[in-house]
Ligand code: FAD
Ligand code: UDP
């Protein structure tokens with residue numbers, strides 16, 4: 001076999017591994033991908049009718065504070081100066097999101113200073129007393145008070161998670177900043193932008209090396225016997241599937257995207273509009289032209305995508321780990337199995353059952369390369385030694 005390493009999955013995790021191993025170690029890498037395109041969920045394509053770049057698996061915004069990751073990704077693409085901003089449409093009015101002084105003043109029809117707004121929210125979150133917030137609802141109310149929580153968070157979250165928010169982890173709401181300034185940027189990271197010529201061009205450049213072969217429409221499980229035990233494997237597919245669901249299936253949330261081309265040059269004036277009210281069944285609408293205001297797109301047509309969220313069933317794309325207590329129990333068992341699986345490393349969001357942003361998937365792959373793959377290929381270290389790769 002003229003392959004030194006098999007990578008299962010061509011998302012950011014798998015391609016970072018393939019690129020590093022080919023460029024740094026001169027290894028011959030075969031990447032298997034079961035879809036008919038490269039790139040995992042970050043894949044994007046030109047809408048055939050309008051030429052507008054559409055992110056097929058949901059809008060992807062690149063942001064990071066990790067300088068190593070930023071320098072690494074800049075080898076493959078330049079970035080635009082795009083800064084993500086989101087608005088939310090509640091009871092017929094549009095507010096800035098995440099919640100900031102602008103949202104608070106508009107909602108309470110006031111002109112509070114930062115200190116006045118802080119005092120108001122403190123009063124409105126007093127219902128918790130001295131209690132440490134233990135779940136999503138308590139954390140949400142503690143951060144923004146009950147009225148804002150009910151308007152912007154409660155129903156949106158119910159639609160997105162279909163789970164009683166009391167049973168959701170407080171971490172989920174902690175991802176959203178709350179600001180007592182008029183700064184309405186969505187992310188706090190040092191570096192942010194979108195790839196100038198699109199995600200797919202970036203992903204293809206990562207794989208563009210004479211030692212890397214990407215085989216599309218190839219499911220690892222159909223050819224596993226050829227490779228298992230023959231060559232080291234980095235597996236970025238679902239960890240439960242690898243082990244034949246022996247410990248039970250891990251639960252995921254999936255999304256349904258409804259794409260439409262409309263006969264207008266601008267549908268909503270902004271890339272993402274959230275819909276936090278219970279009478280609207282989707283959670284948000286993306287309008288892709290606004291991700292690239294620097295491009296020349298048609299002035300009479302636009303592409304929008306409505307996003308709906310639900311539990312994944314068999315055959316659905318797994319998008320977000322639900323991560324219930326039962327899931328965590330199963331995951332522990334899968335982790336033990338993974339640790340014992342000879343010559344196979346598990347990585348990426350599916351392989352570790354973790355929500356990973358792109359910069360996290362890339363950062364985690366760089367660590368796996370440094371801590372496990374390089375020592376293995378350079379000095380014969382056991383693949384499973386070498387510390388944590390997350
Ligand atoms: P993936 O991209 O999922 O790649 C895994 C690949 O493995 C897939 O192509 C899959 O087909 C393949 N595969 C699986 N099993 C097999 C098999 N048996 N044989 C062959 N191939 C297989 N991140 C951000 O930083 N910013 C964002 O704005 C953002 N938005 C997101 C929005 C949505 C809706 C979602 C779901 C994710 C978003 N992300 C975002 C996260 C981003 O998608 C991930 O960080 C990235 O996809 C992780 O890369 P990965 O390689 O781990 O996984
Ligand atoms: N959220 C909300 N209302 C909003 C935006 C977010 O209630 O308008 C909540 C929701 O529970 C979501 C979480 O905040 O899951 C984190 O938001 P983020 O935008 O990071 O979610 P993602 O796009 O990753 O699903």
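Nothing in this text is a laboratory measurement; each read-out follows from the coordinates by a stated rule. Everything quoted here is computed from the prediction, not taken from an experiment. Positions of Cβ are generated from backbone atoms using ideal geometry, with glycine treated the same way; all protein chains shown enter the neighbour counts.
For segment 173-194, taking the residues that are within 12 Å of ligand 1 (Cβ to nearest atom) and over 17 Å from residue 87 (Cα atoms), the one that is surrounded by the fewest Cβ atoms within 10 Å (Cβ to Cβ) is identified as 189. Here residue 103 meets each of (1) in contact (Cβ under 8 Å) with a residue 12 or more places away in the chain; (2) farther than 23 Å from residue 171 by Cα with one exception, condition (2).
Given the residues 240, 277, which is the only one that is under 20 Å from residue 89 (Cα atoms) and either more than 13 Å from ligand 1 (Cβ to nearest atom) or crowded, with 18+ Cβ neighbours inside 10 Å (or both)?
Working: 240 fails: under 20 Å from residue 89 (Cα atoms).
Exactly one residue qualifies, and that residue is 277.
Looking at segment 250-274, which of its residues are in a loop (DSSP other than H, G, I, E, B) and surrounded by 14 or more Cβ atoms within 10 Å (Cβ to Cβ)?
Scanning segment 250-274 gives 250, 251, 267, 268, 270, 271.
All conditions in (1) within 13 Å of ligand 1 (Cβ to nearest atom); (2) touching a residue at least 12 places away in the same chain (Cβ under 8 Å); (3) surrounded by fewer than 20 Cβ atoms within 10 Å (Cβ to Cβ) hold for residue 353, with the sole exception of (3).
State which residue is farthest from the chain's Cα centre (by Cα) when the search covers only segment 167-190 and only residues that are more than 15 Å from residue 61 (Cβ to Cβ) and near ligand 2 (Cβ under 9 Å from one of its atoms).
168
The number of residues in segment 275-287 being assigned to a loop (DSSP other than H, G, I, E, B) and within 13 Å of ligand 2 (Cβ to nearest atom) comes to 7.
A count restricted to segment 206-243 and to residues that are closer than 27 Å to residue 320 by Cα and assigned to a helix (DSSP H, G or I) stands at 10.
Name the helices (runs of 4 or more DSSP H) wholly inside segment 41-149 in which the number of residues that are over 25 Å from the mean Cα position of the chain (by Cα) and surrounded by fewer than 17 Cβ atoms within 10 Å (Cβ to Cβ) is 1 or more. Give the steps one after another, and end with the answer.
On the way: elements: 67-73, 101-107, 114-124, 136-148.
Output list reads 101-107, 114-124, 136-148.
In segment 298-312, the residue that is nearest to residue 273 (Cα to Cα) out of those that are in contact (Cβ under 8 Å) with a residue 40 or more places away in the chain and loosely packed, with under 15 Cβ neighbours inside 10 Å is 310.
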